[in-house]
1. How many residues does segment 35-90 hold that are surrounded by 13 or more Cβ atoms within 10 Å (Cβ to Cβ), hydroxyl-bearing (Ser, Thr, Tyr) and not in a helix (DSSP H, G or I)?
Amino acid sequence: FFFRGFWLTACKRAMGSHAIFAMVVPYCMIHYGKPGLEALAAIIAGIVLGTLSMKTRSIWSGFLIHVSVAISMDVAALLQTSGLPTDWTP
C-alpha cells in the first residue's frame, strides 16, 4: 500500500512516469538480503506493478497480484517440504 499507493501517487505529480523508479528503489531495499532470484524478481515486479498502478490509477490490481504470488510461493514451499497438514480437521 505504501509504495504504490502513497509514494507513487505523491511522486507522480512531480516526476511523471519516472516516479516508478523512485518507488522501486525503497521497494527493493525491503528485499535486500533475500536470494538473488527473489531480489531480481522484486525489481521487475516493482516496475511492472508500479506501471500497472499508474495506468489504472488504483493499487488493487497490483495488490491482488502481489498477494496471489506470495500465497502461491508459500504453498509451493510447503508442498516441497511436505509442510502441509494431512488432516485439516481438529
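FYI, it's all coordinate maths here, none of it is from the lab. Note that the structure is predicted; figures quoted are calculated from it, not measured. Cβ placement follows ideal geometry from the backbone for every residue including glycine, while neighbour counts extend to all protein chains displayed.
1. 1
Okay, residues lined up against (1) touching a residue at least 12 places away in the same chain (Cβ under 8 Å); (2) not basic (Lys, Arg):
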{"residue": "THR9", "(1), (2)": "no, yes"}
{"residue": "VAL25", "(1), (2)": "no, yes"}
{"residue": "TYR32", "(1), (2)": "no, yes"}
{"residue": "GLY36", "(1), (2)": "no, yes"}
{"residue": "ILE44", "(1), (2)": "no, yes"}
{"residue": "GLY50", "(1), (2)": "yes, yes"}
{"residue": "SER53", "(1), (2)": "yes, yes"}
{"residue": "ARG57", "(1), (2)": "no, no"}
{"residue": "PHE63", "(1), (2)": "yes, yes"}
